[in-house]
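Asker: So that we are looking at the same thing, I have put the structure below in structure tokens.
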Amino acid sequence: MTDIQTQLDILCTGTQDVVSRDELEKMLSRGKPLRVKFGIDPTSPDIHIGHAVPLRKLKQFQDLGHRAILLFGDFTARVGDPSGRNITRPQLSVEEIEKNLETYLDQAFLILDKEKTEIRRNSEWLEGLGIVEIMKLMGSTTVAQLLERNDFSNRYKEGSPISVLEFLYPLLVGFDSVALQADVELGGTDQLYNLLMGRPLQEMEGQIPQVCITTPLLEGTDGNKKMSKSLNNTIGLTDDPLDMYGKVMSISDEMMPKYFQLATGWLPDRVAQVVSDLESENLAAVDGKKLLAKTVVDLYHGEGRGDEIAQEWKRIFSSGGRPTDIETIHIKSSEFEDGSLRLARLLNLAGLVSSNKDGARMISQGAVRIEDLVYEDPEGVVGIEEVNGKIIQVGKRKWAQIAIS
């Protein structure tokens, strides 16, 4: 196993909080593989490169010989994580959670080594908790301590409702660490409070409290807010490679250093060199962004794919051409009531937008074409003959040929 100091340098680089480095050093000095936990609630079907930041940190632990535990919060997703929320999060049904979980594993294993990953669900232990155990959990903290959380304290001051169920969420997450006997827990900076909750609960059970490590949050393509599907600013791990390349190219020049650090999987020395080249203008901003985009595409679509997509991108946007491999999307004729269908709905069915509402927004912005005709009525409908066999373009990067069957 790699020596302790080298492990510490690798594991603490690119982190925001380490509680604490001294404790981590003591754990590593035992010479035994650590149990390292990363939990994710399946609240949507897709994992984006913002989620990938702590996943890559988990992979570093894995590569150093430690035990990676990928915990799916199928039970806590029913409660709803209050972190960063100014309103109560809607509760998900079991059916919605299971549907989201179907895609999570394949996406996570784009980063993690499948054979060396322990997959767990927190319903294994939380679903069977009796009222006595729940009362014990609730007795381990106070309302005053819970209100120290910024999201809770702000909502309390504003008079916004906070459900008792939300107060229970960090306790349930903390109990996950007890059940798994975690040595280390990973999460984004917005999860620090939840991670720290596991420490006193573990001590109550006679366990050594876990080390809590957070990684910085990656802002979305808008450069303002953290990456979130609800804000339509994500780059998904399974995005079409051309779409992925284009989204990276759309980020601001100012965001590039952070994306190189958090989204490429590069070691710090290599990141520092590229950032230095950008600052000294030895590397032009546009060339730096192309390098970043190719690297991200290679990570999730295979080595060399980035160069292929870069050439495709150049051909499309320099010459005004179309992609050479436009996917054919089959739509059932039964979707067309009396031979017509709302265009926003068609875009959603074709996977070109995330929802009917998103489709209407893109249409109203003049970003939707069928062949060379721009459609601008967000409530407009199209007929079968109008779209069958035709190519639809949404924005600059999304294309599909429609086939009605």
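The values are calculated or read from the model by the stated rules, or taken from the named source; none is laboratory data. Keep in mind that this is a model prediction, so the values were computed, not measured. Cβ atoms come from the backbone with ideal geometry, glycine included; neighbour counts cover every protein chain shown. For the accessible areas, the whole protein counts, side chains as well, though only heavy atoms, and no ligand, DNA or RNA atoms are used. Shrake-Rupley method; radii C 1.70, N 1.55, O 1.52, S 1.80 Å.
Asker: Using the structure shown, select from K226/K332; K32/K99; K59/K157; K57/K290; K226/K398; K116/K332 the pairs with a Cα to Cα distance greater than 32 angstrom.
Answerer: K226/K332; K32/K99; K59/K157; K116/K332
Asker: While we're here: Using only alpha carbon pairs under 8 Å that are at least six residues apart, calculate the relative contact order of the chain and give it in whole percent.
Answerer: Dividing the mean separation by the residue count of the chain yields 14 percent.
Asker: Using the Cα centre of the range 132-291 as origin and beta-carbon charges of +1 (Lys, Arg) and -1 (Asp, Glu), tell me which of I134, T221, L195 is placed farthest towards the positive end of the dipole.
Answerer: So the residue we want is I134.
Asker: What FRET efficiency would be calculated for the residue pair R369, E303, taking the C-beta separation as r and a Förster radius of 35 Å, to the nearest 0.05?
Answerer: That gives a FRET efficiency of 0.55.
Asker: If I model the range 256-370 as equal point scatterers sitting on the Cα atoms and use the Debye formula, what is log10 I(q)/I(0) at q = 0.15 Å⁻¹?
Answerer: After summing over all Cα pairs, the log10 values are -0.88.
Asker: Which of these values of Cα extents along the principal axes in Å was calculated from the structure shown: (i) 51, 45, 34; (ii) 69, 53, 43; (iii) 75, 48, 37?
Answerer: Identified label for the calculated read-out: (ii).
Asker: P(r) of the range 347-396 in 5 Å steps, Cα pairs, percent per bin?
Answerer: Going out from 0 Å in 5 Å bins, the range 347-396 shows 4, 22, 34, 30, 9 percent.
Asker: I'd like to know how the range 5-75 sits against the 2.2 N^0.38 Å rule of thumb: what's its Cα Rg over that expected value?
Answerer: That ratio works out to 1.20.
Asker: Within 10 Å of each candidate Cβ there may be at most 15 other Cβ atoms; applying that plus a DSSP loop requirement, which GluC sites (Glu not before Pro) in the range 362-401 survive?
Answerer: E371, E376, E379
Asker: Here's something else I'd like to know. Among L105, M244, I316, flag the residue with its Cα farthest along the positive direction of the charge dipole of the chain, charges on Cβ as +1 for Lys/Arg and -1 for Asp/Glu.
Answerer: Highest projection toward the positive end goes to L105.
Asker: Once neighbouring chains are kept in place and the probe is 1.4 Å, which whole percent of the accessible area of the chain is contributed by carbon and sulfur?
Answerer: Percent of accessible area from carbon and sulfur atoms in the chain: 49.
Asker: Given charges of +1 on the Cβ of Lys and Arg and -1 on the Cβ of Asp and Glu, with all other atoms neutral, how large is the dipole of the chain about its Cα centre, in debye to the nearest 20?
Answerer: The dipole of the chain has a size of about 380 debye.
Asker: Under 12 Å between alpha carbons, and skipping anything fewer than 8 positions from K396 in its own chain: which aspartates and glutamates qualify?
Answerer: Leaving aside aspartates and glutamates fewer than 8 places away in the same chain, those within reach of K396 are D243.
Asker: Please state, to two decimals, what the Cα-based radius of gyration of the range 325-367 comes to when divided by 2.2 N^0.38 Å (N = residues).
Answerer: After normalising by residue count via 2.2 N^0.38 Å, the value is 1.19.
Asker: On average, how much accessible surface per residue is there in the chain, in Å², for a 1.4 Å probe, leaving out ligands, DNA and RNA?
Answerer: 48
Asker: Rg to Rh for the range 169-239: what is it, with Cα atoms only and Rh by Kirkwood?
Answerer: My calculation puts Rg/Rh at 1.13.
Asker: Roughly how big is the range 268-405's charge dipole about its Cα centre, with Cβ charges of +1 (Lys, Arg) and -1 (Asp, Glu), in debye to the nearest 20?
Answerer: In debye, rounded to 20, the range 268-405 gives about 60.
Asker: Mind putting a number on the dipole of the range 198-269 about its Cα centre? Charges go on the C-beta only, +1 for Lys and Arg and -1 for Asp and Glu, and I need it in Debye to the nearest 20.
Answerer: 180
Asker: Indicate, rounded to the nearest 5 percent, the antiparallel portion of the DSSP beta bridges found entirely in the chain.
Answerer: Roughly 45 percent of the DSSP beta bridges within the chain come out antiparallel.
Asker: How large is the convex hull of the Cα atoms of the range 141-294 per residue, expressed in Å³ as a whole number?
Answerer: Dividing the Cα hull volume of the range 141-294 by its residue count gives 156 Å³.
Asker: Something else now. Using the Cα centre of the chain as origin and beta-carbon charges of +1 (Lys, Arg) and -1 (Asp, Glu), tell me which of W399, I162, V274 is placed farthest towards the positive end of the dipole.
Answerer: I162
Asker: Give me the one-decimal nm value for the distance between modelled label points at K396 and N154, 7 Å along each residue's Cα-to-Cβ direction.
Answerer: 3.2
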